[in-house]
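Here's the structure, in structure tokens; my notes come after.
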Amino acid sequence: MVDVRAGQLRRSRDRLEARGEEAVRGGDHATAGLLLFYSAECGLKAEALKDAKAPSTAQLDTDLRSHDLRALAKALRMPRGAQEALVACRRLKQGSARPAPVEPPALHQAWRYGADLEPDEEKRALDGLRMLIAESRKR
């Protein structure tokens, strides 16, 4: 695992968010989702470092070093709306079977590996990520 400081995480949050929004404007929601997911993760972890008064992610508890953005938002005592902003997304039907929904902690994998998600739910997930990013800036 690569350990970083809060300032590095905030810079990464901002850079990834900007690239994610560029991808949205270009119509590439999978790339946007991946970049915005990691942007939100960086922002939340920067705030976790601040709350813990820790110099780097090496000092964070294991549960705060995960990809579970809802758990991070909860640990940071963010408003309930932010904690629940990121929702599961159903995958598009493949053949006769509908795959299981992709839960929030695994959304980055769906976008990284090219899983096709229900478009309206994917847009809601992007909005949820934007909310988490905005909340990380308010703290």
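The values are calculated or read from the model by the stated rules, or taken from the named source; none is laboratory data. This is a predicted model, so every value here is computed, not measured. Cβ placement follows ideal geometry from the backbone for every residue including glycine, while neighbour counts extend to all protein chains displayed.
Just to be sure before I move on: is VAL24 outside any helix (DSSP H, G or I) and not charged (D, E, K, R) in the structure I sent? It would help to see each step written out before you state the result.
Working: outside any helix (DSSP H, G or I): no; not charged (D, E, K, R): yes.
In short, no.
Would you check which residues across segment 37-91 are within 15 Å of GLN109 (Cα to Cα) and assigned to a loop (DSSP other than H, G, I, E, B) and list them?
Within segment 37-91, SER66, HIS67, ASP68, LEU86, VAL87, ALA88, ARG90 meet the criteria.
On the given criteria, is LEU72 at pLDDT 95 or above and on the phi < 0 side of the Ramachandran plot? Talk me through it step by step, then tell me what you get.
Values: at pLDDT 95 or above: yes; on the phi < 0 side of the Ramachandran plot: yes.
Yes.
For the condition crowded, with 17+ Cβ neighbours inside 10 Å, over 16 Å from LYS138 (Cα atoms) and out of contact with any His (no Cβ under 6 Å at 6 or more places or on another chain), what is the one hit in ALA115, ALA97? Spell out the reasoning first.
Working: ALA97 fails: crowded, with 17+ Cβ neighbours inside 10 Å.
On inspection, the qualifying residue turns out to be ALA115.
In segment 118-138, which residues are over 17 Å from the mean Cα position of the chain (by Cα) and surrounded by fewer than 14 Cβ atoms within 10 Å (Cβ to Cβ)? Please lay out each step first, then the result.
If we filter segment 118-138 for residues that are over 17 Å from the mean Cα position of the chain (by Cα), which is where we start, we get 118-120.
Listed by number, the residues that qualify are PRO119, ASP120.
Give me the pairs, please: first residue somewhere in segment 15-35 and within 11 Å of LEU126 (Cβ to Cβ), second residue anywhere and in a loop (DSSP other than H, G, I, E, B), beta-carbon distance under 7 Å, and either six or more positions apart or on two chains.
So the pair list comes out as ALA30/GLY114.
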